Each structure stands twice: as C-alpha cells, then as structure tokens.
1. Within segment 74-87, can you find the residues that are modelled with pLDDT of 90 or more and touching a Ser or Thr at 6+ places or on another chain (Cβ under 6 Å)?
2. Mind listing just one residue for me: the one in segment 113-130 that is surrounded by 14 or more Cβ atoms within 10 Å (Cβ to Cβ) and of a type in the set (S, T, N, Q) and, of those, modelled with the highest pLDDT?
3. Name the residue that is most open to solvent (accessible area, probe 1.4 Å), counting only residues in segment 146-172 that are touching a strand residue (DSSP E or B) at 6+ places or on another chain (Cβ under 8 Å) and aliphatic (A, V, I, L, M).
4. Tell me the residue from VAL90, VAL69, VAL170, VAL134 that is more than 22 Å from VAL27 (Cβ to Cβ), aliphatic (A, V, I, L, M) and out of contact with any Pro (no Cβ under 7 Å at 6 or more places or on another chain), please.
5. So which residues in segment 8-42 are under 19 Å from the mean Cα position of the chain (by Cα), open to solvent by 60 Å² or more (accessible area, probe 1.4 Å) and among the hydrophobic types (A, V, I, L, M, F, W, C)?
6. Only residues that are charged (D, E, K, R) and either more than 20 Å from LYS132 (Cβ to Cβ) or open to solvent by 60 Å² or more (accessible area, probe 1.4 Å) (or both): list them for segment 45-95, please.
7. Which of the strands (runs of 3 or more DSSP E) found entirely inside segment 85-155 contain at least 3 residues meeting this: in contact (Cβ under 8 Å) with a residue 24 or more places away in the chain and not aliphatic (A, V, I, L, M)?
8. So which residues in segment 17-68 are in contact with a strand residue (DSSP E or B) (Cβ under 8 Å, 6 or more places away or on another chain), farther than 24 Å from LYS153 by Cα and among the β-branched types (Val, Ile, Thr), if there are any at all?
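The values are calculated or read from the model by the stated rules, or taken from the named source; none is laboratory data. This structure is a prediction, so every number in the text was calculated from the model and none was measured. Positions of Cβ are generated from backbone atoms using ideal geometry, with glycine treated the same way; all protein chains shown enter the neighbour counts. Areas reflect the complete protein model, heavy atoms only, side chains present, ligands, DNA and RNA absent. Shrake-Rupley method; radii C 1.70, N 1.55, O 1.52, S 1.80 Å.
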Amino acid sequence: MNITTPKLTFEEYLAYDDGTDTRYELVNGELIPMSLGSGQHGAVTEFINVCFRAEILRLKLDWTSKQMVIGVRSPRAGRWDTSRIPDVVVILLPQWRELRNREAVIELNESPPLLVVEVVSESTKIVDYRAKRVEYNVLNIPEYWIVDPLTNKVTVFTLIEELYEPVEFVGC
C-alpha cells in the first residue's frame, strides 16, 4: 500500500509549525527536514560567513552575509513550489532590512541574492551539485559556490548569458 504525503503550498509551508525546532526546506511541495550536518559542515559554513562579513566591511559594501536564515523560493515544474535555505547567502543590505519584517524568503518577483553558497555533506552532495544548481540558475543568481570538504574542492559557478560557467579550485 502506498501512503501519499500531502503536498503543501508555499503559504502552507510558511505557516507550518510542527512544534519542534526542526527546519524544513520545501521541495516540490514536500517538507524536507534539514539535518544539522557534521561539525565540519558547520565549521566550514561559519568560516565562510565570517570571511564574507569581514570582506564586506573592509570594502564598505552595502551588502550582508547571512548563515542559514534566508530562504530562496524557486519555481518548479507543476504547481508545487520549492524553497531552499542555503548555507550562506549574500544580499544587498536594503533587501535584508525588508526581510527582517516578514518571512525571510526571497520571492520569485524580488531581486535574487548576489551569491549563494552550499557546503556539501555526504547526505546533500547530489542535491547541491544537481538540483540546486538548476534552481539557482533559473533564479538568475549571479554566483553560486559549492564548497565540498569531502573532495577538498570549491566550484564557483558564474552566470554568463543565462548559464552557469564553472571554475574549480582543488586542494582548498
């Protein structure tokens, strides 16, 4: 017997509360619990965010870097939405000020983040390299990084003429 999991609309996702501290992404209408990741995953994510913040301050940019607190909504085939919570997001400071007064999800009709970073874990590598790359490309996010501590590689995808062009840095 097949058990069908009910699909949620984006609005139902935003209002969803199961009474726990579990964070969820919405993928094609289904709630996907986000694991805490390994200690290494957390350390790498925090290091990237701290470095970005320091560089933003040094260059006096009107940007901010946030670690796992901003969702990015993307269209999917069919009627069900997807909303990811990247490991690190860099956005304009005015956009962050707007998000502070509502659900911190960048909507389809808003400016995309300047940069999104995903740190690969054993459980997320296929999604990080394949699904998210397509989703972020459709959203016209100018730059998408995959930091892969499993292979000591960083892949920087730059949006050029509506397609991501990758550059790999190995031994990082």
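1. ASP87 - this is the single residue of segment 74-87 that is modelled with pLDDT of 90 or more and touching a Ser or Thr at 6+ places or on another chain (Cβ under 6 Å).
2. Top of the filtered list is SER121.
3. So the residue we want is VAL170.
4. Details: VAL90 fails: out of contact with any Pro (no Cβ under 7 Å at 6 or more places or on another chain); VAL69 fails: more than 22 Å from VAL27 (Cβ to Cβ); VAL134 fails: more than 22 Å from VAL27 (Cβ to Cβ).
Just one listed residue meets the conditions, VAL170.
5. ILE32, LEU36, listed by residue number.
6. Of the residues in segment 45-95, the ones charged (D, E, K, R) are 46, 53, 55, 58, 60, 62, 66, 73, 76, 79, 81, 84, 87.
Of everything in segment 45-95, those that are charged (D, E, K, R) and either more than 20 Å from LYS132 (Cβ to Cβ) or open to solvent by 60 Å² or more (accessible area, probe 1.4 Å) (or both) turn out to be GLU46, ARG53, GLU55, ARG58, LYS60, ASP62, ARG76, ARG79.
7. Numbers: elements: 88-92, 115-119, 143-148.
Strands (runs of 3 or more DSSP E) meeting the threshold: 143-148.
8. THR22, VAL27, ILE32, THR64, listed by residue number.
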